[in-house]
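J.: Starting off with a structure, shown below.
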Protein chains: 2
Amino acid sequence: MSVRRSSNTVSSARVRGLTHVDPSEVSLQTALDALADPVRRTIVRELAAHRDWAKACGTFDLPVGKATRSHHFAVLRDAGLVEQRDEGPRRLNRLRRAEFDRAFPGLLKLVVSEGITPNSTG
Amino acid sequence: MSVRRSSNTVSSARVRGLTHVDPSEVSLQTALDALADPVRRTIVRELAAHRDWAKACGTFDLPVGKATRSHHFAVLRDAGLVEQRDEGPRRLNRLRRAEFDRAFPGLLKLVVSEGITPNSTG
């Protein structure tokens with residue numbers, strides 16, 4: 001247990017507040033809980049349709065308020081699905097596709113193809 | 001929309017009460033909701049470890065009461081995961097593995113291998 005102190009920290013509170021979990025550390029329960037929410041699946045599908053770091057949080061068309069939106073992104077980070085970084089005023093996102101696929105083969109594909117395959121109409 | 005009537009139905013009320021949904025008719029939302037519950041994943045894993053129709057409902061070691069148990073089986077039927085039939089006093093079960101795999105490739109494998117693969121410890 002070592003505590004590291006820095007006298008001239010340059011990272012903002014927003015950056016310091018961003019915790020990421022590697023998909024290899026995520027339980028199936030956490031992964032399923034994260035993806036069982038339709039708004040979070042929308043975020044994942046949107047990210048899959050764009051280049052890494054191309055989408056800022058504010059650019060997603062979601063039927064929820066700002067606090068709920070932040071919560072959804074935090075859940076996605078905790079499930080190893082999304083990586084975030086701040087660039088000026090924007091919080092950019094990346095879908096951790098390869099890593100998540102390695103941990104949960106096939107799961108992300110089901111989510112990304114939802115609305116395209118016949119099964120996702122119900 | 002055709003209604004079929006039978007004048008000499010032999011099925012019991014319990015059998016008549018059993019509705020099944022084909023996995024091809026199940027939405028990803030319904031599938032994820034069904035599998036996001038740890039008790040239901042335990043049932044699925046138990047079924048995967050036995051022959052079709054070998055397990056009666058009462059033989060599952062589950063930390064829930066009888067009514068909750070019945071509810072979990074109903075959710076699994078509605079998600080196209082389990083088929084049931086009554087044989088005397090016993091309600092027997094079959095995991096609809098092939099059909100569900102066709103509808104949601106990879107998903108069942110993640111559930112069945114939970115507790116075996118490194119990712120399911122968290």
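The values are calculated or read from the model by the stated rules, or taken from the named source; none is laboratory data. The structure displayed is predicted, hence computed values, not measured ones. Every residue, glycine as well, gets a Cβ built from its backbone with ideal geometry; the counts of neighbours run over all protein chains shown. All accessible areas refer to the heavy atoms of the entire protein, side chains included, with ligands and DNA or RNA removed. Shrake-Rupley method; radii C 1.70, N 1.55, O 1.52, S 1.80 Å.
J.: Which one of the conditions (1) in contact with a Leu (Cβ under 6 Å, 6 or more places away or on another chain); (2) open to solvent by 20 Å² or more (accessible area, probe 1.4 Å) does B:Val82 fail to meet, given that it meets all the rest?
T.: (2)
J.: Something else now. Could you tell me which numbered condition A:Val39 fails, if it satisfies all but one of (1) surrounded by fewer than 20 Cβ atoms within 10 Å (Cβ to Cβ); (2) in contact (Cβ under 8 Å) with a residue 40 or more places away in the chain; (3) in contact with a helix residue (DSSP H, G or I) (Cβ under 7 Å, 6 or more places away or on another chain)?
T.: For A:Val39, the exception is condition (2).
J.: If I filter region B:50-79 down to residues being open to solvent by 30 Å² or more (accessible area, probe 1.4 Å) and within 13 Å of B:Arg96 (Cα to Cα), which single residue comes out as nearest to the other protein chains (Cβ to nearest Cβ)?
T.: Of everything passing the filter in region B:50-79, B:Asp78 is nearest to the other protein chains (Cβ to nearest Cβ).
J.: Hey, any hits in region A:26-35 for a residue that's small (Gly, Ala, Ser), assigned to a loop (DSSP other than H, G, I, E, B), closer than 18 Å to B:Leu35 by Cβ and under 10 Å from the mean Cα position of the chain (by Cα)?
T.: Quick first cut of region A:26-35, residues small (Gly, Ala, Ser) only: A:27, A:31, A:34.
Applying the additional criterion that residues be assigned to a loop (DSSP other than H, G, I, E, B) yields A:27.
Filter again for closer than 18 Å to B:Leu35 by Cβ, leaving A:27.
Going one step further and asking which of them are under 10 Å from the mean Cα position of the chain (by Cα), we end up with none.
Checked against the condition, which is being small (Gly, Ala, Ser), assigned to a loop (DSSP other than H, G, I, E, B), closer than 18 Å to B:Leu35 by Cβ and under 10 Å from the mean Cα position of the chain (by Cα), region A:26-35 yields no hits at all.
J.: Can you go through B:Arg91, B:Arg51 and tell me which one is over 29 Å from A:Val26 (Cβ atoms), in contact with a Cys (Cβ under 7 Å, 6 or more places away or on another chain) and at pLDDT 95 or above?
T.: The match here is B:Arg91.
J.: For residues in region A:98-115 being open to solvent by 30 Å² or more (accessible area, probe 1.4 Å) and more than 11 Å from A:Arg45 (Cα to Cα), which is nearest to the other protein chains (Cβ to nearest Cβ)?
T.: Ranking the qualifying residues of region A:98-115, first place goes to A:Pro105.
J.: Let me ask something else. Regarding A:Arg16, is this residue open to solvent by 20 Å² or more (accessible area, probe 1.4 Å) and at pLDDT below 95?
T.: In short, yes.
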